[in-house]
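J.: Starting off with a structure, shown below.
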Amino acid sequence: MRKLIKTVTESRVWRSFFRHGWPDNPLDRSLVMTTNIFFHLHPVKISRKSLRSSYSLGLGVISVIVFGILSFTGLLLMFYYVPSVERAYSYILLLQTRVPFGQLLRNMHRWGAHLMVIVVVLHMARVFYTGAYKPPREFNWVIGVVLLILTLAASFTGYLLPWDQLAYWAITVGTSVAAYEPLMGDSIRAILLGGSEVGQEALTRFYAFHILIIPGAIASLISLHLWRVRKDGGLAAQDAVKIEPEALQGTDNE
Ligand code: HEM
């Protein structure tokens, strides 16, 4: 049996999957982290304090999970939704009343969108409260701000899609407010609406923004955001051990 295990674990196929020995020493433990597609998201060494659930409250991870749920439910909604001013509203009603679990699907997407805004804002508050925006993480804070704006933009563009009275008037008001932006206001409104008022052109554009452009940008920026967390040495929390320079005198660490 031992010989068999040895033959298997030393075979070329096995070693192509597992490129390190049993992780019972620091080198193999590091290799476990760097050679695994999921683990390598973490830095090889992190501070013990950052692992406490009370430090980050997992809010960043929850934001990623909610974004995943929204992408999945949004994909299923696309099976039924038609971005046409004549048909959008009636197809939404059809989805809710005739399609099995249609109402649940729509509610999951709608409530998920509200939840994402709340969780991302709380995540930002946590980052601010723990001072994790300071160097070297200031670039990641800026990526975070763009992610927050995109999260709000996803909610705004999704709001028009049901094409009911609430959607129509909310977007009419929202895009009129955008027109007050100094210098570029009218251009922003024209780009969003594709015309002078909320109509088919606006619905087509909002649909393109909502299902492709904004989620694509969010997914790309989340990848960059997580990569930065790793490159900045994990979460900002440091173990509260302050070593005075005098204490190092006479040691190898001098
Ligand atoms: C779609 C929105 C967002 C997602 C999915 C996201 C995801 C994450 C994740 C998974 C982490 C690591 C774990 C954690 O802290 O819980 C993280 C850390 C971080 N996030 Fe976000 N984030 C988002 C928005 C933001 C916003 C709005 C800001 C600030 C304006 C921000 C700034 C940061 C910073 C500076 C870190 C490093 C924190 C530290 O070192 O302690 N993020 N983010």
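J.: Tell me whether the range 213-234 contains one or more residues that are open to solvent by 70 Å² or more (accessible area, probe 1.4 Å) and modelled with pLDDT under 95.
T.: Yes, because at least one residue in the range 213-234 is open to solvent by 70 Å² or more (accessible area, probe 1.4 Å) and modelled with pLDDT under 95.
J.: Here's a follow-up. Restrict the check to the range 189-199 and report whether at least one residue is exposed (fewer than 13 other Cβ atoms within 10 Å of the Cβ), assigned to a loop (DSSP other than H, G, I, E, B) and of a type in the set (S, T, N, Q).
T.: Taking every residue of the range 189-199 in turn, at least one turns out to be exposed (fewer than 13 other Cβ atoms within 10 Å of the Cβ), assigned to a loop (DSSP other than H, G, I, E, B) and of a type in the set (S, T, N, Q).
J.: Looking at the range 174-188 only, could you name the residues that are in a helix (DSSP H, G or I) and open to solvent by 50 Å² or more (accessible area, probe 1.4 Å)?
T.: Answer for the range 174-188, where residues must be in a helix (DSSP H, G or I) and open to solvent by 50 Å² or more (accessible area, probe 1.4 Å): VAL177, ASP186, SER187, ILE188.
J.: A follow-up question, please. Can you go through ALA132, ALA167, ALA179 and tell me which one is without any contact (Cβ under 8 Å) to a residue 12 or more places away in the chain and more than 30 Å from LEU93 (Cβ to Cβ)?
T.: ALA179
J.: Mind listing whichever residues of the range 105-121 are farther than 14 Å from ILE149 by Cα and surrounded by 15 or more Cβ atoms within 10 Å (Cβ to Cβ)?
T.: Answer for the range 105-121, where residues must be farther than 14 Å from ILE149 by Cα and surrounded by 15 or more Cβ atoms within 10 Å (Cβ to Cβ): LEU105, ARG106, MET108, HIS109, ARG110, GLY112, LEU115.
J.: Something else about it: Does any residue of the range 58-65 turn out to be farther than 26 Å from VAL229 by Cβ and either within 16 Å of the ligand (Cβ to nearest atom) or at pLDDT 95 or above (or both)?
T.: no
J.: With ILE143, ILE171 as the choices, which residue is within 16 Å of the ligand (Cβ to nearest atom), outside any loop (DSSP other than H, G, I, E, B) and not polar (S, T, N, Q)?
T.: Of ILE143, ILE171, the one residue that is within 16 Å of the ligand (Cβ to nearest atom), outside any loop (DSSP other than H, G, I, E, B) and not polar (S, T, N, Q) is ILE143.
J.: Does LEU94 meet the test of being closer than 24 Å to PHE206 by Cα and crowded, with 17+ Cβ neighbours inside 10 Å?
T.: No, not satisfied.
J.: For the condition of a type outside the set (A, V, I, L, M) and under 15 Å from the mean Cα position of the chain (by Cα), what is the one hit in GLY158, GLY112, GLY174, GLY102?
T.: Within the list GLY158, GLY112, GLY174, GLY102, the selection yields GLY112.
J.: Among the listed residues LEU161, LEU122, LEU150, identify the single one that is within 13 Å of the ligand (Cβ to nearest atom), farther than 22 Å from ALA237 by Cβ and either in contact (Cβ under 8 Å) with a residue 60 or more places away in the chain or in contact with a Gly (Cβ under 6 Å, 6 or more places away or on another chain) (or both).
T.: Among LEU161, LEU122, LEU150, only LEU150 is within 13 Å of the ligand (Cβ to nearest atom), farther than 22 Å from ALA237 by Cβ and either in contact (Cβ under 8 Å) with a residue 60 or more places away in the chain or in contact with a Gly (Cβ under 6 Å, 6 or more places away or on another chain) (or both).
J.: ALA202 - would you say it is away from the ligand (no atom under 16 Å from the Cβ), open to solvent by 40 Å² or more (accessible area, probe 1.4 Å), farther than 30 Å from ARG126 by Cα and at pLDDT 95 or above?
T.: The answer is no for ALA202.
The values are calculated or read from the model by the stated rules, or taken from the named source; none is laboratory data. Not measured: the values here are computed from a predicted model. Cβ sites come from the backbone with ideal geometry, for glycine too, and all protein chains shown count toward neighbours. When the accessible area is computed, the model is the full protein with side chains, heavy atoms only, and any ligands, DNA or RNA have been set aside. Shrake-Rupley method; radii C 1.70, N 1.55, O 1.52, S 1.80 Å.
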